[in-house]
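Visitor: Questions regarding the structure given below will be posed in turn.
The values are calculated or read from the model by the stated rules, or taken from the named source; none is laboratory data. Being a predicted model, the structure only gives us computed values, none of them experimental. Neighbour counts run over all protein chains shown; Cβ positions are idealised from the backbone, glycine included. The area values use the complete protein model at the heavy-atom level, side chains included, leaving out ligands, DNA and RNA. Shrake-Rupley method; radii C 1.70, N 1.55, O 1.52, S 1.80 Å.
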Amino acid sequence: MTGPQFQKLCSSDRPSLQKPTMSCDSGLVERNIAGADPEGMWDSGAVDPPEEEGRTFMQVLSEKYSPENFPYRRGPGMGVVVVPTLPQGSPMKDRLNLPSVLVLAGCGISHAGEQREIAAFCAHVMELDLSHNKLQDWHEISKIVSNIPNLDFLNLSSNPLSEVVLEPSGAKAFARVRRLVLNNTQVSWNTVLILTRDMPELEELFLCLNEYTTVSASTVPCPTLRLLHITDNNLQDWAEVRKIGPMFPGLETLVMSNCNLSSIQDSEEMLRRLFPNLRSINLHNSGLNRWEDIEKLNQFPKLEDVRLQGIPLLQTYTNTERRSLMVAHLPSVSSLNGSVVTDGEREDSERFFIRYHVDYPEEELPYRYHCLVTKYGKLEPLAEIDLRPRCHAKVEVHCEDKVAEVSIRLDQTVAELKKQLRTVVQLSANQMRLYYIDKECVFGPEEMKYHTRALHSYSIQDGDELLVVPKAGRGTTTTAKPLSNLNSKTLTPPP
């Protein structure tokens, strides 16, 4: 299943309040239901159309995929011209341009229609989307499915199936379906069990938004199921999740985010037997709040992909701490929250884990800490080295007999520094000549004569000195008093 398909199935399939439109798949023409009125009886200003009680599968199919509404196009998956053999006098059109993937979502379908017509037109159909319709009778759904012999994928999301009973004999119609979507149908768990018992090829099952708080155990397992998507339910107790393992012993992917699971309570031996083939688990936004619950995930023998975001346990940590501590706790996991865990990241995370717990009391150290100390030894905390560039420096400003300590910004230019020093030395910027004196440099002062040069390029440090020499007037000279670090030489700038 492609990414867009998967996202669509995982979204909240709540019925739309807008009048449904018949959307053509493969990016082709869309046609509003009102457009079926050729004489314009329902135009603005005319009488409002009557509320439809429901339509048949074949009525919608005939309208949407007729040659007038769905022109035939060449290319893989674009469509097949079906010219069935129908009884004389059948109201159906003599041909339809049907692709192998039918999208009939939100079309008001409540009944199957003539079964012979379904069989005649849909023998090649492999995927069928009937979401957001009015199907509330499993017998009618069975009529549709039983007459599509190659059906592989069926989406019944957001059909009102909460009060409907499925007879075991009706479940046999779904025997060839490998991917079944029942999101937001409120279908009962007993109905799910009846379906899975008679679906020997079922591989993917979607049961999101069905308000489950408990599940019942099954005496007949479904060994073919590989993916179970059961998000946005209310399975808080691990005792309910425990029943899923024996029911689907071949399960490889379990997605149960937003289910408020509070803890993982089984023993290590029980967990190893519950999900022997589980490779991926998604517990986003669950209620897990103990590191012991995270460590128990290590007991699933084949687990390699874990998704754990939005849980109470991690709320107080920084992003770096969250990932590092999680990686260190899950030594066999190769993917965390969708990102690959490299060997280098694992080693860094495990060393971080040891240093993170170095000051913990012995009785509070987690079991994983002792395992990692055996591997790396006890590690000392890393030295904190700040490599960020300095932003400020405190310098001594000398001007004739005046000495002042000034804090300067190192991200400014020489011209901006001169403006800052105007109030210190009582000179305008164009009346001063500025020198930088590095106490550790033996070459004497350096004139700061390039107005656009940034101060950080001089590597100014705290305690360095700046010498301001007033410029001489026309025909005169000004002599600066000697400084100790100038070897008592007099600095007489040119006029």
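Visitor: Kindly evaluate residue 158 against the criterion of being touching a His at 6+ places or on another chain (Cβ under 6 Å) and among the small types (Gly, Ala, Ser). Give the derivation first.
Guide: Working: touching a His at 6+ places or on another chain (Cβ under 6 Å): yes; among the small types (Gly, Ala, Ser): yes.
Here the answer is yes, as residue 158 does meet what is asked.
Visitor: Now for a separate question. Take the residues of segment 267-298 that are open to solvent by 20 Å² or more (accessible area, probe 1.4 Å) and acidic (Asp, Glu): which is nearest to residue 332 (Cα to Cα)?
Guide: Within segment 267-298, the match that is nearest to residue 332 (Cα to Cα) is 295.
Visitor: Within segment 102-138, which residues are hydrophobic (A, V, I, L, M, F, W, C) and either in contact with a Lys or Arg (Cβ under 6 Å, 6 or more places away or on another chain) or more than 12 Å from residue 154 (Cβ to Cβ) (or both)? Reasoning before the result, please.
Guide: So in segment 102-138, the residues hydrophobic (A, V, I, L, M, F, W, C) come out as 102-105, 107, 109, 112, 118-123, 125-126, 128, 130, 135, 138.
Answer for segment 102-138, where residues must be hydrophobic (A, V, I, L, M, F, W, C) and either in contact with a Lys or Arg (Cβ under 6 Å, 6 or more places away or on another chain) or more than 12 Å from residue 154 (Cβ to Cβ) (or both): 103, 105, 107, 109, 112, 118, 119, 120, 121, 122, 123, 138.
Visitor: Somewhere in segment 390-407, is a residue farther than 30 Å from residue 328 by Cβ and among the polar types (S, T, N, Q)?
Guide: Our first condition is that a residue be farther than 30 Å from residue 328 by Cβ; within segment 390-407, this holds for 390-407.
Now narrow it down to the ones that are among the polar types (S, T, N, Q): 407.
Within segment 390-407, one or more residues are farther than 30 Å from residue 328 by Cβ and among the polar types (S, T, N, Q).
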